[in-house]
Amino acid sequence: MDEIIFKTILIIIIFIITLLIALYSTWAERKIAAVMQDRRGPNRAGPFGLFQPLADGVKMFMKEEIIPAFSEKALFILGPCIAMITACMTSVIIPWGSELTIGGRIYSLQITDINIGILYIFAMVSIGVYGIMIGGWASNNKYSLLGAVRAASQMISYEIAMGMSIIGLLLMSGSLSLKDIVEQQPGLHWNVFYQPVGFLIFLICVFAETNRSPFDLPECETELIGGYNVEYSSMKLGFYLFAEYINMFISSAVIVTLFFGGYNIPFIHSIGLEQNTVAILQIIFLFAKIFFFIFFFMWVRWTLPRFRYDQLMNLGWKVLVPVAVANIIVCALFTTKF
Amino acid sequence: MNSGIKLKKTKREMFKLFIFLSIIMLLAAIMVVVSKSPVSSIIHLIIAFLAMAGHFILLNAQFLAIAHIIVYTGAIMVLFLFVIMLLNLNKENEPHKTLTTKLAAVISGGLLFLVLLASLKGVNAIKPLNKFDSSIGLIKVLGNELFTKFIFPFEISSILFLSAMVGAVLLAKKN
């Protein structure tokens, strides 16, 4: 099998998995919310309401599409497209497992291992802001404009702390490639034990970057009706919501890859399994960890109240950035000393 | 023999990509100047920047490409868009320029174009001093260069950034 064919298949599989996980995250979110609020949640469509996301999807597609007469039409359509495309593009550099051997040839379970690694994800995230900004502006509605402005300023502010929080980790690993970073965490040598402060800052910033509660000010219902997506209907609204869930999935994957050993299973090589079996177990193990973090995102959403806007900015600029700088200095001293 | 043909083929493919990116970039750059609404200008500038990042990637300068996207496309242009959205610049309240200003702008622009053309007339095609090293833009090589050969300018610029940061904090504290 050719390398290109394998990669194409891998891309398609990952794309489908990403969409499926985003679809079922909506179901999981509603179920978890229900459990936390002592309700039953969706339980009509299929067993345990498992077909609910499909019903929701059909509903989204069937609804009448409204483009407001006072909006900038081209930009109005462009907004959700950018949000969705950039969300899907980030999965390219995540290593989903070590290697598969098919017919005597070794295939890496990572679509591409580019030299700049993690920076690519930052770039995609920073382009993703335009989806929200352009959509919010093109709607020509003051609430959506406010939501868009909030989203942009929040994401720019937290990008700085996010970038700084992983510098300590990069000083230790000496590589930007996610594959190298994963390979450096065998057994239980997870980066989270060496970089607890960096991990904490990164986690908080990820919540802000994905616009998840407690930092979901761009879509704050009580103040902005619905935020940047007020004017959107049918599948365009669906794209925005979907992009958020995809971002959540990819962020969980990045957190796991950077700080929780990625696809590594502790002590798997002492059992002496075949390489292919190990690779498949690794994928399952990675996804188990990712699902835990998706659950964590939802857990936080239904536990913590929303921040006020000035509190959000204070936390970002006056707490996270200085702590991240201090973390860099400490890590630099340690890495040169030992 | 085989690898030679393959190299030629990749070169041809890269040339096609180069032409493609250049066309996008030039069209977007023209649209930046031509388009009436400031927001559409900015969006075209973003497209031009992305095409430029593509050019960097064609040169295998991966770090430069990604830094370009993160810093210029992702941060500075967002701030531009931000300001324009808040100012709410419309066609109606944009000041109209008189015919004389327009004429003066055309003449001075044309003169600059003439000077550029004249200076390019006698130039031979530039020959590269060293053979092109495709690993030059990779992050490890770049880091080594920055921290050995170019350590002095690097440190100077970092002090410049630090002073800018301190200045910004001071200005914010004043109010």
Exercise for the section: Working from Cα positions, state the angle (0 to 90°, nearest 10) between the long axis of helix A:118-138 and the longest principal axis of chain A. Expected result: 0 degrees
Completion exercise
Nearest-0.05 FRET efficiency for B:Phe18 and A:Ile167 at R0 = 51 Å, using Cβ-Cβ distance, is 0.90
Handout entry: Crossing angle, helix A:275-301 versus chain A [Cα axis fit, 0-90 degrees, rounded to tens]
Key = 40 degrees
Handout entry: Candidate lysines for bridging to B:Lys97, where Cα separation is under 16 Å - those fewer than 8 sequence places away on the same chain excluded
Key = B:Lys36
Practice task
Classify the stretch A:10-151 as rounded, prolate or oblate from the Cα gyration tensor: take a ≥ b ≥ c as the square roots of its eigenvalues, call it rounded if a/c is under 1.5, otherwise prolate when a/b beats b/c and oblate if not.
Solution key: oblate
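Using a probe radius of 1.4 Å on protein heavy atoms only, what is the accessible area buried between chains B and A, both sides summed, to the nearest 100 Å²? Please list the in-between numbers first.
Working: alone 14820 and 16180 Å², together 29000 Å².
Counting protein atoms only, the buried area is about 2000 Å².
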Exercise for the section: Express the carbon and sulfur contribution to the solvent-accessible surface of the protein assembly as shown as a percent, rounded to the nearest whole number, probe 1.4 angstrom. Expected result: 73 percent
Exercise for the section: Determine the equivalent ellipsoid of chain B by diagonalising the alpha-carbon gyration tensor, then write out the semi-axes as square roots of 5 times the eigenvalues, largest first, rounded to whole Å. Expected result: 35, 28, 19
Handout entry: Percent RCO, i.e. relative contact order, over chain A, from Cα pairs under 8 Å lying at least 6 residues apart
Key = 24 percent
Completion exercise
For A:Ser233, the residues 5 or more places away or on another chain with a placed amide H closer than 5 Å to its own amide H are A:Ile66
Handout entry: the stretch B:1-89 - Rg (one decimal) and Dmax (whole number), Cα, Å
Key = 16.6, 62
Exercise for the section: Would you jot down the residues in the stretch B:61-78 that end up with at least 30 Å² less accessible area in the complete protein assembly than in the chain alone, with a 1.4 Å probe? Expected result: B:Gln62, B:Ile66, B:Ile69, B:Ile70, B:Gly74, B:Val78
Fill in the blank from the handout: With every protein chain kept in place and a 1.4 Å probe, the protein assembly as shown has an accessible area per residue in Å² of 57 Å²
Problem - Most fluctuating residue given options B:Lys121, B:Lys149, B:Lys140, as computed from a GNM of chain B linking Cα atoms under 10 Å - result: B:Lys121
Completion exercise
Of the listed pairs A:Lys73/B:Lys102; B:Lys9/B:Lys140; A:Lys7/A:Lys236; A:Lys7/A:Lys289, those with alpha carbons more than 26 Å apart are A:Lys73/B:Lys102; B:Lys9/B:Lys140; A:Lys7/A:Lys236
Fill in the blank from the handout: Of B:Tyr72, A:Tyr143, ordered by accessible area with the largest first and a 1.4 Å probe, the sequence is B:Tyr72, A:Tyr143
Practice task
Would you work out the relative contact order for the stretch B:1-89, in percent, from Cα pairs under 8 angstrom that are 6 or more residues apart?
Solution key: 26 percent
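The values are calculated or read from the model by the stated rules, or taken from the named source; none is laboratory data. Bear in mind the structure is a predicted one, so any value in this text is a computation, not a measurement. Ideal geometry is used to build each Cβ from the backbone, glycine not excepted, and the neighbour counts take in all protein chains shown. Ligands, DNA and RNA are excluded from the accessible area calculation, which covers all protein heavy atoms including side chains. Shrake-Rupley method; radii C 1.70, N 1.55, O 1.52, S 1.80 Å.
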